[in-house]
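See below for the structure under consideration.
The values are calculated or read from the model by the stated rules, or taken from the named source; none is laboratory data. Note that the structure is predicted; figures quoted are calculated from it, not measured. Ideal geometry is used to build each Cβ from the backbone, glycine not excepted, and the neighbour counts take in all protein chains shown.
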Amino acid sequence: MFKLIAFDLDGTLVEFNIPFEEIRAVLGIGDRFVLESILSEKDEFKRRKMLEILESYELRSAENARLAFYAEELLQFLRERKIIYGVVTRNSRKSVEIISKKFGLEFDFVVSREDANPKPSPEPIRMILKKFNVEPSSALVVGDYLFDLMSGKGAGVKTALIVHERNREMIESFKIHADYVFNSLKELGEFLEGVYDSKGSPKV
């Protein structure tokens, strides 16, 4: 039984389509991971400016984002059954606020890169478990990328991989870190419907 579910944001609950290749070119970091490259910058002024550039792209993408298929229905399902749920993202908190307002989404928690070491670190998941006094065995991390799964596994929780067109070619290397694999949020919802009754209690 899952008492708490932590969702990734971009690529899982919403489609940001952040232009990472363009961001890499602007920042001059080659083909390295954007956030790791920025956080490893030792010059504090330069690091802050790089974060500002990244956030400007994130906010623009958030304004134009689309809600993922079945996201609204799935969150409603969790809300009705009083299951704790929220977002753990490598994005900025401002981008989450734009998304929440744009689609009228309510979360029990939001952990952004300003709040903890970003995924793949297990720190954000451990923070949530401690805050809500939930055992790792009663939590689930849902995401579409390797870092989501690694973060969950590092914290000792179950992990669910959401497959879509953008990550399909990398799925085989991701699967080893996933306890469950679903082709959509709807499939995840159907799985949870088989676990919980209408009151949120486990089906016998």
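Laid out as a table, the results:
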| read-out | value |
| --- | --- |
| Matching option when the condition is among the polar types (S, T, N, Q) and either surrounded by fewer than 19 Cβ atoms within 10 Å (Cβ to Cβ) or in the same structural domain as Val34 (by TED's automatic domain parsing) (or both), among Ser201, Ser151 | Ser201 |
| From Glu41, Glu22, Glu52, residue being at pLDDT 95 or above and touching a helix residue (DSSP H, G or I) at 6+ places or on another chain (Cβ under 7 Å) | Glu41 |
| Residue satisfying condition, being in contact with a helix residue (DSSP H, G or I) (Cβ under 7 Å, 6 or more places away or on another chain), among the polar types (S, T, N, Q), at pLDDT 95 or above and within 16 Å of Leu4 (Cα to Cα), within set Ser151, Ser121, Ser137 | Ser151 |
| Matching residues, the range 60-72, being assigned to a helix (DSSP H, G or I) and within 15 Å of Val96 (Cβ to Cβ) | Arg60, Ser61, Ala62, Glu63, Ala71 |
| Unmet requirement for Met1, which otherwise passes all of (1) within 18 Å of the chain's Cα centre (by Cα); (2) closer than 27 Å to Lys186 by Cα; (3) of a type outside the set (S, T, N, Q) | (1) |
| Number of the condition not met by Thr12 [criteria: (1) surrounded by 15 or more Cβ atoms within 10 Å (Cβ to Cβ); (2) over 15 Å from the mean Cα position of the chain (by Cα); (3) not in a helix (DSSP H, G or I)] | (2) |
| Search result, residues across the range 15-45 that are without any contact (Cβ under 8 Å) to a residue 24 or more places away in the chain, outside any helix (DSSP H, G or I) and among the aromatic types (Phe, Trp, Tyr) | Phe33 |
| Among (1) within 21 Å of Pro124 (Cα to Cα); (2) out of contact with any strand residue (DSSP E or B) (no Cβ under 6 Å at 6 or more places or on another chain); (3) surrounded by 13 or more Cβ atoms within 10 Å (Cβ to Cβ) - the single one Phe2 does not satisfy | (2) |
| Condition check for Pro122: surrounded by 18 or more Cβ atoms within 10 Å (Cβ to Cβ), over 23 Å from Val14 (Cβ atoms) and not aromatic (Phe, Trp, Tyr) | yes |
| Candidate set: the range 161-191, residues that are in contact with a helix residue (DSSP H, G or I) (Cβ under 7 Å, 6 or more places away or on another chain) and aliphatic (A, V, I, L, M); chosen: the one farthest from Phe2 (Cα to Cα) | Val163 |
| Test result for Glu55, under 18 Å from Leu39 (Cα atoms) and not hydrophobic (A, V, I, L, M, F, W, C) | yes |
| The range 159-173, residues that are farther than 16 Å from Gly189 by Cα and at pLDDT 95 or above | none |
